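Enquirer: Attaching a single structure in C-alpha cells format; questions to follow.
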Amino acid sequence: EIKGLLFDLDGVIVDTAKYHYLAWKKLADDMGIPFTTGNNERLKGVSRKRSLEIILEIGNLSLSEEEKEKNCEKKNALYLTYIKQLTEEEVLPGVRKFLTEARAKGYKIALGSASRNAVLILDRLGIKELFDEIIDGNAVSKAKPDPEVFIMGAKSLKVPYDNCIVFEDAAAGIEAAHNAGMFAVGIGSSENLPQADLLLPGLNNITIEEICKRLQE
Ligand code: B16
Ligand code: MG
C-alpha cells in the first residue's frame with residue numbers, strides 16, 4: 001500500500017532548467033565554450049559541480065578545484081537573480097492541486113532534489129507548506145542514481161521504502177528510486193525514461209488513486 005510520495009524538483013514541480021541554462025550559458029560564453037540547450041539536457045538532475053565539469057568537458061578545458069569553486073559560486077549568484085523572480089504561476093500544471101489533494105487524503109509528502117536552492121524555490125512558488133519533509137542538495141552527499149536522497153526522504157516520513165512512489169524527470173532519478181526499492185513514476189517520454197514503472201506527461205488531470213491503480217496493473 002502506498003503511503004509516501006517523493007518528488008524531484010526541477011522538471012517535476014517547476015521548470016528551473018531554463019534558468020540553470022541561462023546562468024551556465026553566460027559562464028560558458030565567458031570561457032569561450034559553445035554550450036547549447038541540447039547540451040543543457042545533460043545537466044538535468046546533476047549536481048552544480050558536476051554540471052560545471054560537463055561544460056568544461058564540452059570545451060576541452062580544465063580548471064583547478066579553486067577555479068571550479070569560484071565558477072560554481074558565480075553561476076549560482078546569477079541563477080539566484082532568476083530564482084528571486086520566480087512567481088507562483090510557474091508551478092507546473094496540476095502540481096499544486098495534486099499535492100494538496102494527496103495531502104488531504106493522508107499521503108506523506110517529501111521533496112528529494114539535488115538542488116541546494118530547493119527551499120528558496122518552494123518558498124517562491126508558495127508550496128513549501130505542502131511538503132512534510134524537504135531533502136535537498138544540502139542534505140545529501142551522494143548524487144542520484146545513488147538512492148541516498150530518497151532513502152533519507154522515506155526515513156524522515158517514516159514510511160517503508162516499498163510503500164513509496166518517486167516522481168522523477170531524469171533517468172538517474174528513476175534509477176535512484178529503484179535502487180531504494182521504490183516505485184518510479186517518470187514525468188516525460190519513454191525515450192528518455194525507459195525504466196520508469198509508469199510514464200506521465202505531467203501531474204495534471206491525474207489522481208494518486210489512478211496512479212496507484214496503474215502501478216498495480
Ligand atoms: P543547485 P533536481 C537539479 O534539480 C537540477 O536538475 C540540476 O540541473 C542542478 O544542477 C541541480 O539541481 C543542483 O542545483 O545549483 O540549485 O544546487 O532535478 O534534482 O530537483
Ligand atoms: Mg529533475
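The values are calculated or read from the model by the stated rules, or taken from the named source; none is laboratory data. As the structure is a computational prediction, the values presented were derived from the model and not from experiment. Backbone-built Cβ (ideal geometry, glycine too); neighbour counts: all protein chains shown.
Enquirer: So residue 204 clears everything in (1) modelled with pLDDT under 95; (2) within 21 Å of residue 14 (Cβ to Cβ); (3) not charged (D, E, K, R) except one condition, right? Which one?
Expert: In the conditions (1) modelled with pLDDT under 95; (2) within 21 Å of residue 14 (Cβ to Cβ); (3) not charged (D, E, K, R), residue 204 misses (1) alone.
Enquirer: Given the residues 175, 148, 209, which is the only one that is away from ligand 1 (no atom under 15 Å from the Cβ) and out of contact with any Asp or Glu (no Cβ under 8 Å at 6 or more places or on another chain)?
Expert: Values: 175 fails: away from ligand 1 (no atom under 15 Å from the Cβ); 148 fails: away from ligand 1 (no atom under 15 Å from the Cβ).
Exactly one residue qualifies, and that residue is 209.
Enquirer: For the stretch 42-65, check the following and say yes or no: at least one residue is away from ligand 1 (no atom under 11 Å from the Cβ) and either basic (Lys, Arg) or under 18 Å from residue 169 (Cβ atoms) (or both).
Expert: Checked the stretch 42-65: no residue is away from ligand 1 (no atom under 11 Å from the Cβ) and either basic (Lys, Arg) or under 18 Å from residue 169 (Cβ atoms) (or both).
Enquirer: Another question, if that's okay. Quick check on the stretch 177-192: of everything there that is touching a residue at least 60 places away in the same chain (Cβ under 8 Å) and among the aliphatic types (A, V, I, L, M), which residue is surrounded by the most Cβ atoms within 10 Å (Cβ to Cβ)? Before the answer, list the steps.
Expert: Within the stretch 177-192, the first condition is being touching a residue at least 60 places away in the same chain (Cβ under 8 Å), and the residues that meet it are 177, 182-183, 187-188.
Those left that are additionally among the aliphatic types (A, V, I, L, M): 177, 182, 187.
On the way: 177: 31, 182: 26, 187: 23.
Among them, the one singled out is 177.
Enquirer: Another question, then. Taking only pairs six or more apart or across chains, which ones have beta-carbon atoms under 6 Å, a first residue in the stretch 101-127 that is free of Cβ contacts under 8 Å to residues at least 40 places away in the same chain and more than 17 Å from residue 79 (Cα to Cα), and a second residue that is surrounded by 21 or more Cβ atoms within 10 Å (Cβ to Cβ) and not charged (D, E, K, R)?
Expert: Partner pairs satisfying both residue conditions: none exist.
Enquirer: Follow-up question, since we're still on this one. Could you pull out every one of the strands (runs of 3 or more DSSP E) wholly within the stretch 136-210 that has 2 or more residues that are charged (D, E, K, R) and touching a Pro at 6+ places or on another chain (Cβ under 6 Å)?
Expert: On the way: elements: 164-168, 183-187, 198-200.
Strands (runs of 3 or more DSSP E) meeting the threshold: none at all.
Enquirer: Tell me which residues, restricted to the stretch 156-172, are within 23 Å of residue 43 (Cα to Cα) and either touching a strand residue (DSSP E or B) at 6+ places or on another chain (Cβ under 7 Å) or surrounded by fewer than 24 Cβ atoms within 10 Å (Cβ to Cβ) (or both). Break it down stepwise before answering.
Expert: Our first condition is that a residue be within 23 Å of residue 43 (Cα to Cα); within the stretch 156-172, this holds for 166-172.
Passing the criteria: 166, 167, 168, 169, 171, 172.
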